[in-house]
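S.K.: Attaching a single structure in structure tokens format; questions to follow.
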Amino acid sequence: MKRMTLITLAMVLITSATFAQEVNGDLSVINGVKVYRVWGDHYERGFAQGYLMAGEVLEAFDGMMLDFFYTFYARDYEQAHLFYMENYTVEEKYTQEATGVIDGIQAAGGSLYSDNLEREIDATDILAYATTADLVLAPYANTSSLGGNNFCSTLCSWGSATLNDPELSGGMVVLRNMDLPLQNYYSHDLYNLTIHFPEEADELKWAHPSFVPGFISVPSAINEKGFAIFNNDGNVFTNSNLDQLYPTQLVLRNCIEVNDGNGDDSYDLDDFVWLRDLHNYLYTSIVTCVAPDSAIILETNNAGGTQRGVHENTVISGNNLAATNHFRELYSPAACQRYLNIADSLSVDSSMGIQRNWNLMQGAAGNATSIQTMQYSPSTRTLKYAHVGEGQGPSHMNEPAVFNTDFLFSQTPVITASAAIPQGDSLQAYVQISNPLENPVEVWAYLKNSADVILDSVQMMDDGLHADGEANDNKFGFELELLFPRGEYVMESIVNNLDSGYVHSNQSDFSYDGYVSTEKNLMPLSYRLDEN
């Protein structure tokens, strides 16, 4: 039924991917979510992001940052951009990463021309892009009127609060709603999960649930050690101190990415506090900092900062820590009803489980403008991620994609492309995988009908030794005979990492017009009756 050859694939199918294999990154779809993986040093990771997200970076730059935050692009943004260049200093690694983003876009043949600015963007624009939250509060910027109830809510619970939950047994669970009124005009295709695999010895692997491609700072992130950070907006704005300004959401990235920031030979929440206290900020942030067994909230604005934990709770019950977009310690609470909604729910029952955490934050803290909802549990190694989509309601009302974080941080082989094209009574197909760590893998392709019945299959192997004389054994071309009725069919591809056992799959749907015999004479030549 099947004929298989490795890389006898028509060149038209693989030419577009040839250069992409030289980029330190890949794109796959896992559980319906676009997942970018980038590895190497900061420049290489920036280059991979620019290359893989070439068209999307400019779309997010123009369609989110400029359209949403700046009323008059050429005047307001250019003034804020100049303010950034005159008042901000970032580490060389981020300058290199921003340069890599620009170079990657160019290498992919993408455009750098912003219609809104009527010029090409450069690395300083990528850095200003990463500083958006701060720049809209700069003295020369003109901010949009965004309303007091936008910009997020977070609840984390651990210890005595989760002790009776059979899944958690005292472990941490945190849920974060990310709010921005973007649903009506911002592309749903830009939401993704970007995972970094740093080459630097002092940096950790981390994942960024992103909605702004090319945005190298973070409002939300988790890392391989089970730590997480989530930024909420504050509501008391000052800008009297312009000394040693630093992008707020880049320091959040440092907290997640830099291993042992304060140099005390351990990685813990003290590193988060130390890194926060290094700089001065314009943005007013309320940041939930999560460890596998504890959490704190850092409140910061241009006038200073503080921190709080469960011991400072005056309204919230139990071993729970909540943050919404108002200050609890620096200033009297204001602007956000969701904090009281969460408190009311916890006053009835302060115990917490994974499902209750989702339900409580959906009912008490869900917002009509929620664009991302993510729930993370280090002890169960689970990340649930939902975002708005075409014709859907806010993110907290949507079914989340569920990820095993061990899988996300393993850099296991994934399928990056596949195609199934009927040609007469045969199926011309291919599967391409990304295997950056050169693991031995088993690749299966299954031909299925609309009832999910397997009609045919083919097995392939990638030994991981791509320099062993075999011709690119991470690209497989093969052919299957189609002796089936007219209908809708699926080619499901599965790659199994033989080292770790992790599995990744995707599918290609196709329509088939039905089997037609090529025999000229279809009438029997004789008849006979044989014994049973």
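Only the coordinates and a few stated rules stand behind these numbers; no lab work does. Keep in mind the model is a prediction, meaning the values are calculated, not measured. When we count neighbours, we look across all protein chains shown, and the Cβ atoms used for this are built from the backbone with ideal geometry, even at glycine.
S.K.: So how much slack lies between Asp349 and Ser426, counting 0.36 nm per residue of separation and subtracting their Cα-Cα distance, in nm? Don't skip to the end; give the middle numbers.
M.R.: Values: separation 77, 0.36 × 77 = 27.72 nm, distance 6.12 nm.
Stretched fully, the Asp349-Ser426 segment lengthens by 21.6 nm.
S.K.: Tally Lys and Arg at +1 and Asp and Glu at -1 over the other residues with C-beta under 15 Å from the C-beta of Tyr191: what net charge comes out? Provide the component values of the computation, followed by the final result.
M.R.: Details: positive: Lys34, Arg176, Lys384; negative: Glu56, Glu59, Asp179, Asp189, Glu390, Glu399.
With Lys, Arg at +1 and Asp, Glu at -1, the net is -3.
S.K.: Report the local net charge at His81: Lys and Arg +1, Asp and Glu -1, summed over other residues whose C-beta lies under 13 Å from its C-beta.
M.R.: Working: positive: Arg75, Arg119; negative: Asp76, Glu78, Glu86, Asp122, Asp125, Asp134.
Every neighbour counted, the sum reads -4.
S.K.: What are the residues whose amide H is under 5 Å from the amide H of Asp456, where those residues sit 5 or more places off or on another chain and H is modelled from the backbone?
M.R.: It is Leu447, by chain and number.
S.K.: What do you get for trypsin sites (Lys or Arg not before Pro) in the stretch 363-454 restricted to DSSP loop and a cutoff of at most 13 other Cβ within 10 Å of the site's Cβ?
M.R.: Details: sites: Arg381, Lys384, Lys448; in loops: Arg381.
In loop regions of the stretch 363-454 (DSSP not H, G, I, E or B), there are no sparsely surrounded trypsin sites (Lys or Arg not before Pro).
S.K.: Using 1/(1 + (r/R0)^6) with R0 = 60 angstrom and r between the beta carbons of Glu390 and Asn241, what's the FRET efficiency to the nearest 0.05?
M.R.: 0.85
S.K.: Which residues in the stretch 197-215 have a backbone N closer than 15 Å to a point placed 7 Å from the Cα of Glu91 along the Cα-to-Cβ line?
M.R.: Zone members listed by number: 197-206.
S.K.: Additional query: Filter the cross-link list Lys225/Lys384; Lys93/Lys225; Lys448/Lys475; Lys34/Lys384; Lys225/Lys475 down to pairs whose alpha-carbon distance in this structure exceeds 26 Å.
M.R.: From Lys225/Lys384; Lys93/Lys225; Lys448/Lys475; Lys34/Lys384; Lys225/Lys475, over 26 Å: Lys225/Lys475.
S.K.: Could you pull out the chymotrypsin sites (Phe, Trp or Tyr not before Pro) across the stretch 365-457 that fall in loop regions by DSSP (anything but H, G, I, E, B) with no more than 13 other Cβ atoms inside 10 Å?
M.R.: On the way: sites: Tyr376, Tyr385, Phe403, Phe407, Phe409, Tyr430, Trp444, Tyr446; in loops: Phe409.
Those that pass, being in a loop and sparsely packed, number zero.
S.K.: Provide the FRET efficiency to the nearest 0.05 for the Glu120-Asp513 pair, computing r from the beta carbons and using R0 = 45 Å. Can you show the working numbers first?
M.R.: Working: r = 48 Å, r/R0 = 1.06.
Efficiency computed from Cβ-Cβ geometry: 0.40.
S.K.: In addition: Taking the Cα atoms of the stretch 202-260 alone, what are Rg (to one decimal) and Dmax (as a whole number) in Å?
M.R.: That works out to 13.1, 38 Å for Rg and Dmax.
S.K.: Could you work out the local net charge near Gly25, counting Lys and Arg as +1, Asp and Glu as -1, over the other residues with Cβ closer than 11 Å to its Cβ?
M.R.: Numbers: positive: Arg37, Arg45; negative: Glu22, Asp26, Glu44.
That sum, taken over residues with Cβ under 11 Å, equals -1.
S.K.: Then there's this: For n ≥ 4 DSSP H runs only, could you compute -39500 (n - 2.57) per run for the chain, divide by its residues and tell me the 222 nm figure to the nearest 500?
M.R.: Counting only the DSSP helices, I get -5500 deg cm²/dmol.
S.K.: A further question follows. Looking at the chain, what % of its DSSP beta bridges pair antiparallel, to the nearest 5?
M.R.: Values: 110 of 118 bridges.
If I count the DSSP bridges inside the chain, around 95 percent turn out antiparallel.
S.K.: Karplus couplings for the stretch 503-508 from phi (6.51 cos²θ - 1.76 cosθ + 1.60, θ = phi - 60°), rounded to Hz, Gly and Pro as x?
M.R.: Result, rounded to whole Hz: 10, 10, 9, 8, 9, 10.
S.K.: Additional query: Could you pull out every residue, at least 5 positions away or on a different chain, whose amide H is within less than 5 Å of the one on Lys34? Hs are placed 1.01 Å off N in the peptide plane, and Pro or chain starts have none.
M.R.: Leu193
S.K.: At a Förster radius of 35 Å, what calculated FRET efficiency corresponds to the Cβ-Cβ distance of Ser111 and Ala419, to the nearest 0.05? Present the calculation step by step, with values, prior to reporting the outcome.
M.R.: Numbers: r = 27 Å, r/R0 = 0.76.
The pair Ser111/Ala419 has a calculated efficiency of 0.85.
S.K.: Using 0.36 nm per residue, how much length does the chain from Ala368 to Asp67 gain when fully extended, once their Cα-Cα distance is taken away? Let's see the in-between values first.
M.R.: On the way: separation 301, 0.36 × 301 = 108.36 nm, distance 2.02 nm.
Once the chain is fully extended between Ala368 and Asp67, it gains 106.3 nm.
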